[in-house]
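Working notes, structure below.
The values are calculated or read from the model by the stated rules, or taken from the named source; none is laboratory data. Quick caveat, the model's predicted, so the values are computed rather than measured. Note that we place each Cβ from the backbone using ideal geometry, even for glycine, and neighbour counts take in every protein chain shown.
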Amino acid sequence: MATFRAIVVEKAEGGTKAALTDFDEANLMEGDVTVRVEYSTVNYKDGLAITGKAPVVRRFPMIAGIDLAGTVENSSHPAWKSGDKVILNGWGCGETHLGAYGAKARVKGDWLVPLPKSMSAREAMAIGTAGYTAMLAVIALERHGLKPERGPIAVTGAVHWASLSPQRCGRAQSPRTSSSANRTGA
């Protein structure tokens, strides 16, 4: 098996340390799909994990990164085949399961969703987990009767998603959204 570069968090005296290191593919965790990671994001939780400011990482060593977009390299899962474009958000990656800040990730196929054909891996990660979560919240509101004609929705903490058109996400019509980022000193 080959090695690849990854941001790995390890236990250190007085806390943790993170470094860009060579990681042996043989040490990837169990999973039925290996993904060649093309893009990831830096989420708040990733920042906490890398800096050691909060006990986010629960297993060491840990490849950080809670989300990814990439291409299936190999799979024994019935839903995925080599070459499929996929997205992963969460599922303990970067916390209890080796995450996305490396060239490869081995995960459970049930954790993956297909990358929309209208979107590149880079665009998917520009939205990131925060934007994906915000989108799911808006969809849930729609399922509970929210209609576009009832006015806009304020989405906090998901600046990128709010700027996307509903058609880009495969939605013909959706309530108008606006975003707000809580920043100090801005």
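Sort out which residues of the range 73-96 are in contact with a Phe, Trp or Tyr (Cβ under 7 Å, 6 or more places away or on another chain) and either in contact (Cβ under 8 Å) with a residue 60 or more places away in the chain or surrounded by fewer than 20 Cβ atoms within 10 Å (Cβ to Cβ) (or both), and write them in order of number.
Trp91
With the structure loaded, tell me whether Thr21 is in a strand (DSSP E or B) and either loosely packed, with under 15 Cβ neighbours inside 10 Å or of a type outside the set (D, E, K, R) (or both) or whether it fails that test.
yes
In this structure, is Asp110 modelled with pLDDT under 95 and in the same structural domain as Glu10 (by TED's automatic domain parsing)?
No: the conditions fail for Asp110.
Mind listing whichever residues of the range 37-62 are polar (S, T, N, Q) and either under 15 Å from the mean Cα position of the chain (by Cα) or surrounded by 20 or more Cβ atoms within 10 Å (Cβ to Cβ) (or both)?
Ser40, Thr41, Asn43
Being within 15 Å of the chain's Cα centre (by Cα), within 17 Å of Pro114 (Cα to Cα) and either of a type in the set (Gly, Ala, Ser) or not in a strand (DSSP E or B) (or both) narrows it down to one of Ala79, Ala100, so name that one.
None of the other options fit; the residue is Ala100.
I'm told Glu123 meets every condition in (1) of a type outside the set (Val, Ile, Thr); (2) modelled with pLDDT of 95 or more; (3) surrounded by fewer than 22 Cβ atoms within 10 Å (Cβ to Cβ); (4) not in a strand (DSSP E or B) except one. Can you identify the failing condition by its number?
(2)
Within the range 33-71, track down each residue that is under 20 Å from Glu123 (Cα atoms), of a type outside the set (Ser, Thr, Tyr) and touching a strand residue (DSSP E or B) at 6+ places or on another chain (Cβ under 6 Å).
Within the range 33-71, Val35, Arg36, Val37, Glu38, Ile66, Asp67, Leu68, Ala69, Gly70 meet the criteria.
Got at least one residue in the range 26-36 being β-branched (Val, Ile, Thr), in contact with a Pro (Cβ under 8 Å, 6 or more places away or on another chain) and either surrounded by 13 or more Cβ atoms within 10 Å (Cβ to Cβ) or assigned to a strand (DSSP E or B) (or both)?
No.
Output the qualifying pairs, or none if there are none: Cβ atoms under 7 angstrom, residues six or more apart or on different chains, first residue in the range 114-126 and within 14 Å of Val86 (Cβ to Cβ) and in contact (Cβ under 8 Å) with a residue 60 or more places away in the chain, second residue β-branched (Val, Ile, Thr) and surrounded by 14 or more Cβ atoms within 10 Å (Cβ to Cβ).
Within 7 Å, the pairs are Ala124/Ile87; Met125/Thr41.
(1) touching a Lys or Arg at 6+ places or on another chain (Cβ under 7 Å); (2) closer than 18 Å to Thr133 by Cα: which one isn't true of Lys45, the others all being true?
Looking at each condition in turn, Lys45 falls short on (1).
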